[in-house]
1. Look at V64 and say whether it is assigned to a strand (DSSP E or B), out of contact with any Pro (no Cβ under 8 Å at 6 or more places or on another chain) and more than 14 Å from I11 (Cα to Cα).
2. Among the residues of region 14-23, are any part of a helix (DSSP H, G or I), surrounded by 11 or more Cβ atoms within 10 Å (Cβ to Cβ) and modelled with pLDDT of 85 or more?
3. When L59 is evaluated against the numbered criteria (1) part of a strand (DSSP E or B); (2) buried (at least 19 other Cβ atoms within 10 Å of the Cβ); (3) not acidic (D, E), which criterion, by number, is the only one it fails?
4. Any idea how many residues of region 72-89 are within 17 Å of C114 (Cβ to Cβ) and of a type in the set (G, A, S)?
5. Considering only residues of region 74-91 that are surrounded by 14 or more Cβ atoms within 10 Å (Cβ to Cβ) and outside any strand (DSSP E or B), which is farthest from the chain's Cα centre (by Cα)?
6. Would you point out the residue of region 107-131, among those that are surrounded by 15 or more Cβ atoms within 10 Å (Cβ to Cβ) and hydrophobic (A, V, I, L, M, F, W, C), that is farthest from A58 (Cα to Cα)?
7. On the basis of being crowded, with 20+ Cβ neighbours inside 10 Å, under 19 Å from I11 (Cβ atoms) and either of a type in the set (D, E, K, R) or in contact with a helix residue (DSSP H, G or I) (Cβ under 9 Å, 6 or more places away or on another chain) (or both), does T94 make the cut?
8. Looking at (1) modelled with pLDDT of 90 or more; (2) charged (D, E, K, R); (3) more than 13 Å from A125 (Cβ to Cβ), which is the one condition that is false for R66?
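The values are calculated or read from the model by the stated rules, or taken from the named source; none is laboratory data. Predicted, not measured: the structure shown is a model, and the values here were computed from it. When we count neighbours, we look across all protein chains shown, and the Cβ atoms used for this are built from the backbone with ideal geometry, even at glycine.
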Amino acid sequence: MWPVVVLALLIAAGSLALSVTALRRGVPEREAGPDALPEDVQGLRQEVAALRAESAYALKHLAVVRYDAFGDMGGHLSWSLALLDDGGNGVVLTSIHGRSEARTYAKSVSGWSCEQQLSPEEAEALGAARP
């Protein structure tokens, strides 16, 4: 159960970090309420285009790869998780499970590539998340 809780916390932290980054990039906030909706077809098309542009920064592409990090361990308790937006910007999270401890790593991804060297499992997760 703890790996699931840790995974949920890591996903929440990653989402928060990417949301802050998107806000810093100048993604405009949406107006709320029925008065904010345009009444004509052209206005609705513009609204849909604006929604699509905003959703480009959402973490829509994700993949998880589970594996055994050590030969004497079983159960595929180690995992790598790729969380990315449409531009391939996001993070790859990895948890290596050992007998007495688990270590977690995060690597930033920009444009579907990472400055740090990726493990084979991390590269697999990144590739699986790519549309």
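1. Values: assigned to a strand (DSSP E or B): yes; out of contact with any Pro (no Cβ under 8 Å at 6 or more places or on another chain): yes; more than 14 Å from I11 (Cα to Cα): no.
Considered against the rule, which asks whether it is assigned to a strand (DSSP E or B), out of contact with any Pro (no Cβ under 8 Å at 6 or more places or on another chain) and more than 14 Å from I11 (Cα to Cα), V64 comes out as no.
2. In the first step, residues of region 14-23 are kept if they are part of a helix (DSSP H, G or I); the result is 14-23.
Still in the running and surrounded by 11 or more Cβ atoms within 10 Å (Cβ to Cβ): 14-15, 17-19, 21-23.
Going one step further and asking which of them are modelled with pLDDT of 85 or more, we end up with none.
Within region 14-23, not a single residue is part of a helix (DSSP H, G or I), surrounded by 11 or more Cβ atoms within 10 Å (Cβ to Cβ) and modelled with pLDDT of 85 or more.
3. For L59, the failing item is (1).
4. Total satisfying the criteria: 4.
5. Ranking the qualifying residues of region 74-91, first place goes to L77.
6. That would be L118.
7. In short, yes.
8. (3)
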